[in-house]
1. For the stretch 375-493, would you read off the P(r) tail past 19 Å as a percentage of all alpha carbon pairs?
2. Using only the Cα atoms of the stretch 3-67, what do you get for the radius of gyration and for Dmax, in Å?
3. Quick one: check the C-alpha center-to-center distance for the stretch 308-350 versus the stretch 201-230, whole angstrom.
4. Hey, any idea what Rg/Rh is for the chain, computing Rh the Kirkwood way over Cα pairs?
5. Which of the lysines could a cross-linker span from Lys400 if the Cα-Cα distance has to be under 25 Å and same-chain partners fewer than 8 positions apart are dropped?
6. Give the separation of the Cα centroids, the stretch 41-65 to the stretch 98-142, in Å.
7. Using DSSP to define loop residues, name the trypsin sites (Lys or Arg not before Pro) in the stretch 402-479 whose beta-carbon has at most 12 other beta-carbon atoms within 10 Å.
8. Starting from the Cα of Ile328, step 7 Å along the direction of its Cβ; do the same at Ala169; then give the gap between the two resulting points in nm.
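All of the numbers you see were taken from the coordinates with simple rules; none came from a lab. Keep in mind that this is a model prediction, so the values were computed, not measured. Here the Cβ positions follow ideal geometry from the backbone for every residue, glycine too, while neighbour counts run over all protein chains shown.
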Amino acid sequence: MDIEQFRKADYQAIDRICDYYYSLQERSVISTVEPGYLRKHIPLSPPGEGEDFQVIADDYQKYIMPGLTHWQHPSFFAYFPTACTFEGILGDLYASSTANPGFNWSSSPACTELEAIVMDWAGDLLGLSSAFSNQAGVGGGVLQTTASDSALVVVVAARALYMRDHPDAKLEDLVMYTTTQTHSLGSKAALVLGLQVRSIEVKLDHGFALREDALRDALESDAKIGRKPFILIATVGSTSSGAIDNLADIRKVAEDYPSLWVHVDAAWAGVALSCPEYRCELYLDDINSFAHSFCTNFHKWGLVNFDCSALWVRDRKNLTNALDITPIFLRTKHGDAGTVIDYRNWHLGLGRRFRSLKLWFVLRGFGVAGFQQYIRQCIALNQKFANLVDASDELSLVTKPSLALTVFRIVPKLQEENQPSLSLDSLNDLNRVFFGRLSARHDIMLTQTSLNGIFCVRLAVGAARTNEGHIQEAYNIIIEEAKFAVQTWEQTVNGVATVG
């Protein structure tokens, strides 16, 4: 393909992308294809000769598009949102147009310097302390692929720091701490690194948040048998319920365990710190005062296209001391002098994508006010849904709504005052039927979870095109399926229990 052929193909691609977004509302949220569908349409070996690009582009429309789940659909309420804005698309396009692996300053000066600047912009947007800024020269921010990568990097750094400070410690005695509501990233990091992990149980009546007593008991009991607590992954906005660990409590415990690295995983909820009215609820003061590291994903609820995970550390040397491998062919004058950041030493890989360009485009395109407006709109829409659930005769909130996330289930009203309540197992069976019906639909998508044995359904607001009408329609669909689920469940148990 020459330059003019590329120009023509690019015009067509942009036109088709625009047509896709114009038609998004009318599309099914969930793909209707069956497993293995693509092998029926695409040869199982590559072509011997190059093909005309128009044929390739048309095959994308015919074969790939039907197999997509449309995360940007206004009726997509599953998992957490994954951002996709036109500013981000253009940022990715420009970044892809030049080969800039960005492993050191000399290889791609703009990649390094823009990342350092926009990470400070992002830190300012979220209210992070200057201790986390690149400009200050001690801490700093770096873009990673995902929050899982960010967690893995800080666990490596925390382990190295602990072993330097405690040279007689044995690796097999080191323990990292999560909770029963921490994302699987904690367990995966432990699996990759061969470390012990302890999952601390959190309770419904605490909003599934980690509190002082539970953390202190875990640390003390492990210390008594010779284990070495070295890192805690605290969560601000858990996946299952949006729970926020009590960082003020954690701070009290951490004061008694100076060797305990505290990493705050705010992959979804962290961007809500952009709105000052949520900073107290999200423990910003505690993050700024004692957390060793903090992560949030702009590619979730932050308007930046995947992937764009932002990680800040209070002391960058803890990363570079653990991860700096610099053979002679990677040494440079500026790197040796310490006058530049070489981001390859801030993560596991060598080469890295020019992610900062799309973050720069988005932050400039929306501005602080536009970014805040989007966050507030999502929270308001979720509150509308939560209010509908709360007023319903069929549905019940499982826990307090968290920002743009609501977790709910069917809890039918009893027909008579003296009728016994349904057992937890019966309610779980009923709600599995309910979720099965929702999952069979193509016009909405939600996800399931379990909170301390309670089976429930999640609705997360985040698609940029979702409005009040979509929330009302989602509620109408949910109520419709809830009523059918109750009827189906009653027939299944054949009169063992009766619900109204």
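1. Details: 3163 of 7021 pairs.
For the stretch 375-493, the share of Cα pairs beyond 19 Å comes to 45 percent.
2. Cα-based Rg and Dmax for the stretch 3-67 come out at 14.2, 40 Å.
3. First find each Cα centre; the distance between them is then 34 Å.
4. Details: Rg = 24.8 Å, Rh = 24.9 Å.
Here the Rg-to-Rh quotient is 1.00.
5. Lys203, Lys300, Lys384, Lys413, Lys483
6. The stretch 41-65 and the stretch 98-142 have Cα centres spaced 39 Å from each other.
7. Values: sites: Arg409, Lys413, Arg432, Arg437, Arg441, Arg458, Arg465; in loops: Lys413, Arg441, Arg465.
The qualifying sites are Lys413.
8. With each label point 7 Å from Cα toward Cβ, the separation is 3.6 nm.
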